[in-house]
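The values are calculated or read from the model by the stated rules, or taken from the named source; none is laboratory data. Because the structure is predicted, anything quoted here is derived from the model rather than measured. Here the Cβ is made from the backbone with ideal geometry for all residues, glycine too, and neighbour counts use every protein chain on show. Protein only, heavy atoms only, side chains kept; ligands, DNA and RNA dropped before computing areas. Shrake-Rupley method; radii C 1.70, N 1.55, O 1.52, S 1.80 Å.
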Amino acid sequence: LLKEVLRGDGDLGARMQQLRSFSRRVRSSEYHLTNACNIRCHGCWFFEFGYDRASRELVSLEDWREFVRKQADEQQVTAALLIGGEPTLYAERVSLFVEAMPFVTISSNGLRPLPKQGFENVAIALSVFGGGPLDDALRARRPGGQRFTGLFDTALSNYRGDPRATFIYALAS
């Protein structure tokens, strides 16, 4: 069916070929940037199952630089998805990926804005569990357990009008 559609529309066929050519150059990988997070979401597998204590975190920026270089040069990764804990807690680590790879996305809770300068081309995926009071009920808990309010409103405020930001809704059963 696709071949029929493309055959009938030369412009569409040319655009599809450009897309295929581009996508062949994209090689993606996901990285846990840190074990640290500034909230404790209900149902977060990483903290609820103790993976934060069981996994060793690279701390040295030089170790990170070498790791990222190997990913880009030896593994030919061109697209990094950086997840947490919370990547915005370590913008200097994010910058190493930005220097080495053309496509970088972070997954963030939105409580801390990623600076614009130096991170203009970073895509920001803001996690939302439903917005407003539902996010507060399910996610607005500090690492020590104390609750707070305004998580969703803070994320909106931090990224309002920011073309890098997209909201990603997390669903659980």
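Just a few scattered comments:
- Between GLY161, GLY145, the distinction of being loosely packed, with under 13 Cβ neighbours inside 10 Å and in contact (Cβ under 8 Å) with a residue 40 or more places away in the chain belongs to GLY145 only.
- Number of residues in segment 20-57 that are more than 30 Å from GLY144 (Cα to Cα), surrounded by fewer than 11 Cβ atoms within 10 Å (Cβ to Cβ) and modelled with pLDDT of 85 or more: the value is 0.
- In the set LEU96, LEU126, only one residue is under 22 Å from TYR31 (Cα atoms), in contact with a Lys or Arg (Cβ under 7 Å, 6 or more places away or on another chain) and open to solvent by less than 30 Å² (accessible area, probe 1.4 Å); that residue is LEU96.
- Residue check for PRO113: of a type outside the set (S, T, N, Q), within 16 Å of the chain's Cα centre (by Cα) and open to solvent by 30 Å² or more (accessible area, probe 1.4 Å): yes
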